[in-house]
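Notes follow once the structure below has been shown.
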Amino acid sequence: MLDQLLQRIPKLLLGFVVIVGVLLFLLYTDPPKTLCDIQMEGVNERLRANFYADANRGKYNNSIKEALNLCLESNSPGGCYDLFTRYNYFEKQVRTIPTECGPHGSVVPIQDGLQRGIKILVEIAWGGKPPESVYDKKAWLDSTDLGLYCRLKQQYIRLAGKEKWALFREALMNSLPGADKIDRKQRWEKSLFSFPCKGYY
């Protein structure tokens, strides 16, 4: 029955149907790579080797998890050195991602990484309670650390957009210890979010 049906179909049409079928199958199983896919492959490869790399490779004193924990526990320049060094490298790699790739699905983990870096810096500056005054909002962060914050913020806005940045900023600002005890204006003025980044990029 199938043989008879195939014999009735012109060979040229049958060949065309087979070729189209094969192409559709290949597209489904291995879709063509976009420029963003190719760009992100390179970025992710460099991050695996130089940002997430374990301490035994000799570049850092601690693994990425240890570096994060040490920074949060010590809350000091020395304790955060490894983590901030990694994040400086991370930001340099993020800079190479074209802006038009921001909405691309492969960039979502990068946006998450930027959020984590910003969150750490904002929480360090804030401390366990609202700073006493607007002049204390930097805590022990020096100009290099503030520059890192500003660059991470800039890259997040560039890739995620201002609207997503505003949502992230407000959620984080409201979650800081003791933030619910002061009004929004004070939260803003006493948090790192109000730091003027001009000249720190």
Quick one: would you say Ile157 is at pLDDT 95 or above, β-branched (Val, Ile, Thr), under 13 Å from Gln115 (Cβ atoms) and assigned by TED's automatic domain parsing to the domain that holds Asp136? yes
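Report yes if Tyr81 is within 22 Å of Lys198 (Cα to Cα), in a helix (DSSP H, G or I) and of a type outside the set (Asp, Glu), otherwise no. Don't jump to the end; show me each part of the working.
Values: within 22 Å of Lys198 (Cα to Cα): no; in a helix (DSSP H, G or I): yes; of a type outside the set (Asp, Glu): yes.
Spelling it out, it is not the case that Tyr81 is within 22 Å of Lys198 (Cα to Cα), in a helix (DSSP H, G or I) and of a type outside the set (Asp, Glu).
Residue by residue, here is whether (1) assigned to a helix (DSSP H, G or I); (2) closer than 26 Å to Ile64 by Cα; (3) assigned by TED's automatic domain parsing to the domain that holds Ser63 holds:
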{"site": "Asn88", "(1), (2), (3)": "yes, yes, yes"}
{"site": "Thr96", "(1), (2), (3)": "no, yes, yes"}
{"site": "Pro103", "(1), (2), (3)": "no, no, yes"}
{"site": "Leu146", "(1), (2), (3)": "yes, yes, yes"}
{"site": "Ala166", "(1), (2), (3)": "yes, no, yes"}
{"site": "Lys185", "(1), (2), (3)": "yes, no, yes"}
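The values are calculated or read from the model by the stated rules, or taken from the named source; none is laboratory data. Just so it is clear, the structure is predicted and the values come from calculations on it, not from any experiment. Positions of Cβ are generated from backbone atoms using ideal geometry, with glycine treated the same way; all protein chains shown enter the neighbour counts.
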